[in-house]
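Reading through the structure tokens given below for one structure.
Since every read-out is calculated from the coordinates, none of them should be taken as a lab result. What you see is a predicted model, and the numbers here were worked out from it, not measured in a lab. Cβ sites come from the backbone with ideal geometry, for glycine too, and all protein chains shown count toward neighbours.
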Amino acid sequence: MPAEALTAFYGSLTKPIELMDISKSNDGTFIAHYRYTSAKRLCDGKAAITTVQRGGDDFIQAIKALDGC
């Protein structure tokens, strides 16, 4: 997703994204619980965040929304 699309989506939220909780699912995978409000709806969602380690640092490899928002 281009940076412009991310800016357009997150910049237009009526209530910014808020990280509510994060828990480790297994090695390299975390479950993040978050909330935000757009002009159309409230999102109370979860996402699976997969990480990878390179050169001793952790990086996000993938994010998969689990609740449709």
J(HN,Hα) series, the range 59-69, from Karplus relation 6.51 cos²θ - 1.76 cosθ + 1.60, nearest Hz, glycine and proline x: 10, 6, 9, 7, 10, 10, 5, 9, 10, x, 8
5 angstrom amide H check on Cys69, placed H, neighbours 5+ away: Lys46
Point-to-point label distance, Lys15-Ala39, nm (Cα→Cβ direction, 7 Å offset): 1.9
Estimated D of the range 3-65 in µm² per second, where Rh is the Kirkwood radius over Cα pairs and Stokes-Einstein applies at 4 °C, 1.567 mPa s: 99
